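Here is the structure we will look at, set down as structure tokens.
The values are calculated or read from the model by the stated rules, or taken from the named source; none is laboratory data. Since we're looking at a predicted model, the values are computed, not measured. Cβ: placed from backbone, ideal geometry, glycine included. Neighbour counts: every protein chain shown.
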2 protein chains.
Amino acid sequence: MQKIGILGGGQLGRMLLQAAANYPVETFVMENDIECPAAHLCHHFINGDIKNFDDVYNFGKELDAITIEIESVNEEALQKLESEGVKVYPRPSALSIIKNKILQKQFYKENEIPAAEFAVTNNVNDIANYPALFPAIHKIAMGGYDGRGVILIKNKEDFVTGFDEPAVLERKINIDKEISIIVASNGNDIAVYPAIEMIFHPLLNLLDYQLSPAELDEKTLWKLEAIATKVVKKLNSPGIFAVEMFIDKENNICVNETAPRVHNSGHHTIEANYSSQFDMLWRIMLGYPLGNTKHILPAAIVNILGEDEYNGAANYNGLEEVLQMENVFVHVYGKKQTKPGRKMGHVTILGKDRHELIRTAHKIKQILKVTALKNL
Amino acid sequence: MQKIGILGGGQLGRMLLQAAANYPVETFVMENDIECPAAHLCHHFINGDIKNFDDVYNFGKELDAITIEIESVNEEALQKLESEGVKVYPRPSALSIIKNKILQKQFYKENEIPAAEFAVTNNVNDIANYPALFPAIHKIAMGGYDGRGVILIKNKEDFVTGFDEPAVLERKINIDKEISIIVASNGNDIAVYPAIEMIFHPLLNLLDYQLSPAELDEKTLWKLEAIATKVVKKLNSPGIFAVEMFIDKENNICVNETAPRVHNSGHHTIEANYSSQFDMLWRIMLGYPLGNTKHILPAAIVNILGEDEYNGAANYNGLEEVLQMENVFVHVYGKKQTKPGRKMGHVTILGKDRHELIRTAHKIKQILKVTALKNL
């Protein structure tokens with residue numbers, strides 16, 4: 001049996017391990033929290049720091065292959081492991097491009113992949129040099145995650161709120177639709193999942209729910225698929241990639257960012273597609289043929305996030321009501337503690353009728369709330 | 001989080017634990033093989049003997065609930081646990097009826113549930129007392145499993161091959177179809193899965209593949225569902241039950257036997273139904289509403305059995321070819337050793353066209369073979 005390790009033990013690791021149990025594979029997880037969502041679902045759990053060179057190197061050196069569930073891992077250790085023959089998904093060369101937003105933007109530019117116009121800023125004063133980009137999004141080069149390290153700079157009064165460290169300043173896109181396409185590569189062949197539409201709350205500007213397949217005219221879909229495929233080909237690495245793209249009001253497409261791993265926007269593939277993104281990554285790592293990306297039924301995803309103003313032992317309100325719905329699949333990640341905005345689970349809804357999917361998504365968002373128990 | 005234990009760590013435990021990771025629950029497994037398929041997928045693995053009173057009692061006494069993945073567990077310990085407030089699925093009273101084929105047959109008779117005419121035999125000489133039942137099936141009362149402890153007695157010349165221990169002698173049914181219906185009960189409500197047709201090889205008399213839903217006229221289906229529901233109601237226990245029934249050439253129905261647990265005939269429900277049998281058992285044990293038993297798509301199951309004449313480290317021949325098929329889901333149970341007839345995995349096929357399902361099932365049976373590596 002091959003020995004395969006995952007750096008990080010969150011919900012992505014958890015769902016990867018659920019899928020791993022369909023195949024003959026010996027699994028390893030490293031994370032510094034022994035109660036993390038994936039800790040109990042692997043053959044071997046190692047308590048370690050995924051950012052530490054020695055920890056990552058020692059974890060990986062006896063493995064056949066290693067993957068990540070978060071980008072903030074020690075790259076140097078992965079490079080050394082790769083040089084010693086351990087297969088790394090994604091390849092460290094691809095990870096280093098994606099991890100650093102400056103390199104990522106330069107990568108799109110060099111490869112003529114459409115992306116928002118940008119400038120590199122090294123400190124807060126640099127921002128003033130690019131008034132033509134305003135209103136602009138300022139993103140720190142390293143370490144941003146889930147909306148952290150990203151800010152809107154509308155005009156020169158906002159300069160001071162910018163980041164005083166290496167960052168990317170990019171022209172704000174007038175977004176009409178936000179699309180994610182998950183692409184699988186085994187190094188030779190590529191498989192593309194149906195496009196996913198990420199629908200944001202019009203007032204809160206937070207992801208509201210996701211729909212797959214996205215409602216798109218054929219020509220736009222082809223363009224999106226061609227761009228997503230090009231990104232993955234140019235990254236020159238096997239693995240699973242989520243290419244997030246914007247369609248603006250003039251129907252222009254540009255890449256927002258790429259994740260070199262299984263991704264939140266693809267969780268519905270567990271039930272909705274023949275081969276889920278998690279199944280697909282195991283196929284790639286185990287040297288099996290790529291799976292079938294087609295959907296069985298259209299789907300929506302609602303994320304279950306920790307409610308604002310609650311910190312502590314998680315309490316799932318409305319779970320029973322949601323579990324009574326006929327066509328939903330609940331995934332609770334088993335995190336003991338909730339905090340505002342923390343990803344605590346997701347619900348997948350299957351159905352042929354797009355309007356019904358949307359109605360159910362809204363209903364679930366109203367019903368299901370993660371708060372904290374008072375008797376902590 | 002509730003603490004829930006499983007007695008036995010085979011493939012049923014493995015698939016239960018894959019499903020458990022969708023819910024907030026702390027999982028425990030006891031088995032005497034630390035490399036069993038479920039050992040690494042629980043929060044706490046306990047190396048112990050599921051037939052030993054102390055082992056089972058000590059395992060269960062701190063748990064909120066306990067279930068089984070095999071009938072041959074220590075009943076007395078389960079009774080004691082139940083009396084002390086641990087919830088046991090199925091209830092020990094139901095398990096004791098099912099575990100002993102004599103009690104099981106008497107249970108059907110007392111409750112006017114149709115089943116093959118039978119007699120109880122205590123030794124090999126008793127068989128001769130019931131010539132009117134020939135040709136008959138002789139089944140040992142306790143400990144039979146997967147065809148072991150079952151023999152055909154065609155006529156008086158076969159008496160000597162019968163069992164010299166408490167057993168059931170039942171009239172052989174002239175089987176037209178063999179059906180399994182999986183029924184879920186939470187103690188109040190009952191949910192019934194679509195009927196499954198178990199198709200046997202005409203020459204080898206081995207299970208060839210399974211199809212769900214079974215092809216049945218409406219009236220026969222209603223009868224089957226009514227009988228399966230009655231069995232579960234009369235067993236008076238929450239849990240998952242597989243009621244296996246025969247339809248004879250005259251379209252009479254009789255119950256063959258009942259399993260008080262998740263069952264091989266229901267593995268397709270993982271992908272083919274909204275709530276799988278494994279998901280359903282967690283819903284029952286966690287006090288959630290019963291799930292939706294409806295199918296998303298019709299399905300077939302092919303079991304992956306160890307080939308005859310191979311003992312040793314398992315080798316999966318043809319796995320890649322099967323993984324290339326568009327609508328199949330492979331489940332390998334991670335057993336390191338194969339032996340003739342051992343259940344090593346299963347493949348679920350989804351599709352609307354029944355003939356296509358059957359064709360694919362046959363194809364998979366021809367391609368996929370578990371042999372042993374020579375370099376053991």
For B:SER83, indicate whether it is without any contact (Cβ under 8 Å) to a residue 24 or more places away in the chain and either within 17 Å of B:GLN2 (Cα to Cα) or among the hydroxyl-bearing types (Ser, Thr, Tyr) (or both). yes
Of all residues in region B:277-303, which are over 20 Å from B:ASP353 (Cα atoms), within 8 Å of chain A (Cβ to nearest Cβ) and out of contact with any helix residue (DSSP H, G or I) (no Cβ under 9 Å at 6 or more places or on another chain)? B:ASN292
Give region A:165-198 a look and list any residue that's over 18 Å from A:PHE246 (Cβ atoms), in the same structural domain as A:TYR274 (by TED's automatic domain parsing) and aliphatic (A, V, I, L, M), or say none. A:ALA184, A:ILE190, A:ALA191, A:VAL192
For B:SER237, which of the numbered conditions (1) touching a Lys or Arg at 6+ places or on another chain (Cβ under 7 Å); (2) among the polar types (S, T, N, Q); (3) crowded, with 24+ Cβ neighbours inside 10 Å fails to hold? (3)
Condition test on A:THR220, is it modelled with pLDDT of 95 or more, surrounded by fewer than 22 Cβ atoms within 10 Å (Cβ to Cβ) and of a type outside the set (Gly, Ala, Ser)? yes
Could you check region A:74-127 and list, in sequence order, the residues that are over 20 Å from the mean Cα position of the chain (by Cα) and of a type in the set (S, T, N, Q)? A:GLN79, A:SER83, A:GLN106, A:ASN111, A:THR121, A:ASN122, A:ASN123, A:ASN125
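One line per residue, one yes/no per condition, for (1) within 11 Å of chain A (Cβ to nearest Cβ); (2) of a type in the set (D, E, K, R); (3) surrounded by fewer than 24 Cβ atoms within 10 Å (Cβ to Cβ):
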residue: B:GLN11; (1), (2), (3): yes, no, no
residue: B:ARG14; (1), (2), (3): yes, yes, no
residue: B:ASN22; (1), (2), (3): yes, no, yes
residue: B:VAL25; (1), (2), (3): yes, no, yes
residue: B:PHE28; (1), (2), (3): yes, no, yes
residue: B:ASP33; (1), (2), (3): no, yes, yes
residue: B:HIS43; (1), (2), (3): yes, no, yes
residue: B:ILE46; (1), (2), (3): no, no, yes
Quick one: B:ASN311 ticks every box in (1) more than 14 Å from chain A (Cβ to nearest Cβ); (2) farther than 26 Å from B:ILE70 by Cβ; (3) surrounded by fewer than 18 Cβ atoms within 10 Å (Cβ to Cβ) except a single one, so which number is it? (2)
Listed residues B:LYS233, B:LYS177, B:LYS219; which is charged (D, E, K, R) and under 25 Å from B:LEU133 (Cβ atoms)? B:LYS177
Filtering region A:114-132 down to residues that are modelled with pLDDT of 95 or more and buried (at least 19 other Cβ atoms within 10 Å of the Cβ) yields A:ALA115, A:ALA116, A:PHE118, A:THR121
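For every residue, the table says whether it meets (1) farther than 28 Å from B:THR220 by Cβ; (2) among the hydroxyl-bearing types (Ser, Thr, Tyr); (3) in contact with a Ser or Thr (Cβ under 8 Å, 6 or more places away or on another chain); (4) in the same structural domain as B:PRO202 (by TED's automatic domain parsing).
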site: B:ASN123; (1), (2), (3), (4): yes, no, no, no
site: B:ASP126; (1), (2), (3), (4): yes, no, no, no
site: B:ILE137; (1), (2), (3), (4): no, no, no, no
site: B:TYR145; (1), (2), (3), (4): yes, yes, yes, no
site: B:ARG148; (1), (2), (3), (4): yes, no, no, no
site: B:GLU157; (1), (2), (3), (4): yes, no, no, no
site: B:PHE163; (1), (2), (3), (4): yes, no, yes, no
Can you pull out every residue in region A:319-370 that is polar (S, T, N, Q), surrounded by fewer than 18 Cβ atoms within 10 Å (Cβ to Cβ) and within 14 Å of chain B (Cβ to nearest Cβ)? A:GLN324, A:GLN337
